[in-house]
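Here's the structure, in structure tokens; my notes come after.
The values are calculated or read from the model by the stated rules, or taken from the named source; none is laboratory data. None of these values were measured; they are calculated from a predicted model. Note: ideal-geometry Cβ built from the backbone for every residue, glycine included; neighbour counts use all protein chains shown.
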Amino acid sequence: MNKKDDSGYLSNMKRSTAFYFSELATSAFLRKNCLSRVIRAHEVINEGYKLNHRGTVITIFSCSRYCGAPNKAAAILVEGHSQLGFIKIIALDT
């Protein structure tokens, strides 16, 4: 049984070492830490990348055809370190 607490986190029964997190949890984390995005990896994504929580969570997977699967790969370029910087997701044709 998965149980979500009031902060927006949910136990991950598939991987007992991780948690799912809601948009509420993401917003609170970003606000508390004065950040604009969470960039995460290590989850197979068919297109190589995925945006969640209104674009505030970006998942990148840089290995195409992982374990023989038909997934694509992507990379991310971050330029700047302020509100004037930008994030570019690059789909890799491998």
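Here is a list: Cys63, Cys34. Which entry is within 19 Å of Phe86 (Cβ to Cβ) and modelled with pLDDT of 90 or more? Talk me through it step by step, then tell me what you get.
Details: Cys63 fails: within 19 Å of Phe86 (Cβ to Cβ).
Of Cys63, Cys34, the one residue that is within 19 Å of Phe86 (Cβ to Cβ) and modelled with pLDDT of 90 or more is Cys34.
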What single numbered condition from (1) assigned to a strand (DSSP E or B); (2) among the hydrophobic types (A, V, I, L, M, F, W, C); (3) surrounded by 14 or more Cβ atoms within 10 Å (Cβ to Cβ) fails to hold for Val78? (3)
The listed residue being in contact with a Ser or Thr (Cβ under 9 Å, 6 or more places away or on another chain), within 29 Å of Thr94 (Cβ to Cβ) and either at pLDDT below 95 or of a type outside the set (Gly, Ala, Ser) (or both), out of Leu51, Leu24, Leu10: Leu51
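For the range 50-71, what are the residues that are under 20 Å from Glu23 (Cα atoms) and either among the small types (Gly, Ala, Ser) or not in a strand (DSSP E or B) (or both)?
Answer for the range 50-71, where residues must be under 20 Å from Glu23 (Cα atoms) and either among the small types (Gly, Ala, Ser) or not in a strand (DSSP E or B) (or both): His53, Arg54, Gly55, Thr56.
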Report, by residue number, each residue of the range 32-49 that is within 23 Å of Ser7 (Cα to Cα) and outside any loop (DSSP other than H, G, I, E, B). Lys32, Val38, Ile39, Arg40, Ala41
